[in-house]
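S.K.: The structure is given below, and queries will be raised subsequently.
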Amino acid sequence: MHGTTLGEWRPTPQRAAVLQALTACDGFASAQTLHAALTADGVVVGLTTVYRTLHLLEASGQVDMVRDSDGERLYRSRPADGHRHYLLCRRCGLSLAVDSEEVERWAVEVARVTGFHDVDHTIELTGVCDNCHAGRDGGRTDA
C-alpha cells in the first residue's frame, strides 16, 4: 500500500488549515462544517481531505470525537492536558467536559485484570441541556 498510513501525520498546507479551522471552533464540529468554513475563508481543500485529516488527527490523539444523535462524527481539538469525555446535548450540540477519573481508573483495572494491553475506550454521554429542555434555545425539537 502506498501513501500515508492512518496513524502517520505529515504536515501539509491543507492539513494545517483543517487543524487551524478545528482549533478556531467553539465546540465540536463536523467535517462538513469545517469544509464549509475553510471554503468561506478561501482555502481550497476537498471534503475528502478534511475527512482524511480528521481521521489522522483522531488516530494521532490530537482530537476528541463524539457522535451526534444522527451518528455523525463530530471533532474537537484535544486539550493539552489530554483526552476528555463530554456530555453532548442532542438538540443544540452544546458539549461539556465531564470528570471521568472513575471511568479511566475502571478502564485501567479492566485491562489489568484481563491481561489486555493498549486498551482504548469510548464513552458517549448524551442528553438534553437545561435550555433545550425548557424550550429556550430555539433549537430543534425533533430530537
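S.K.: Step by step: first the residues of region 107-137, then only those that are surrounded by 13 or more Cβ atoms within 10 Å (Cβ to Cβ) and in a helix (DSSP H, G or I), then the one that is nearest to the chain's Cα centre (by Cα). Which residue is that?
M.R.: Of everything passing the filter in region 107-137, Ala107 is nearest to the chain's Cα centre (by Cα).
S.K.: Here's another thing I want to ask about it. Quick one: would you say Val66 is modelled with pLDDT of 80 or more and farther than 29 Å from Gln14 by Cα?
M.R.: Considered against the rule, which asks whether it is modelled with pLDDT of 80 or more and farther than 29 Å from Gln14 by Cα, Val66 comes out as no.
S.K.: In addition: Give the residue, chosen from Arg15, Arg10, Arg90, that is basic (Lys, Arg) and closer than 30 Å to Glu101 by Cβ.
M.R.: It is Arg90.
S.K.: Mind listing whichever residues of region 69-81 are surrounded by fewer than 17 Cβ atoms within 10 Å (Cβ to Cβ), under 19 Å from Thr126 (Cβ atoms) and at pLDDT below 90?
M.R.: Correct list: Ser69, Asp70, Gly71, Glu72.
S.K.: Still on this structure: With the requirement that a residue be part of a helix (DSSP H, G or I) and closer than 16 Å to Ser77 by Cα, what does region 5-30 give you?
M.R.: Residues satisfying the conditions are Arg15, Ala16, Ala17, Val18, Leu19, Gln20, Ala21, Leu22, Thr23, Ala24.
S.K.: Among the residues of region 74-106, how many are of a type in the set (Lys, Arg) and either assigned to a strand (DSSP E or B) or in contact (Cβ under 8 Å) with a residue 40 or more places away in the chain (or both)?
M.R.: Qualifying residue count for the region: 3.
S.K.: Related question: Please go through region 31-53 and give me each residue that is in a loop (DSSP other than H, G, I, E, B) and surrounded by 19 or more Cβ atoms within 10 Å (Cβ to Cβ), ordered by number.
M.R.: Listed by number, the list holds a single entry, Val45.
The values are calculated or read from the model by the stated rules, or taken from the named source; none is laboratory data. Predicted, not measured: the structure shown is a model, and the values here were computed from it. For neighbour counting, all protein chains shown are included, and Cβ atoms are generated from backbone atoms with ideal geometry for every residue, glycine included.
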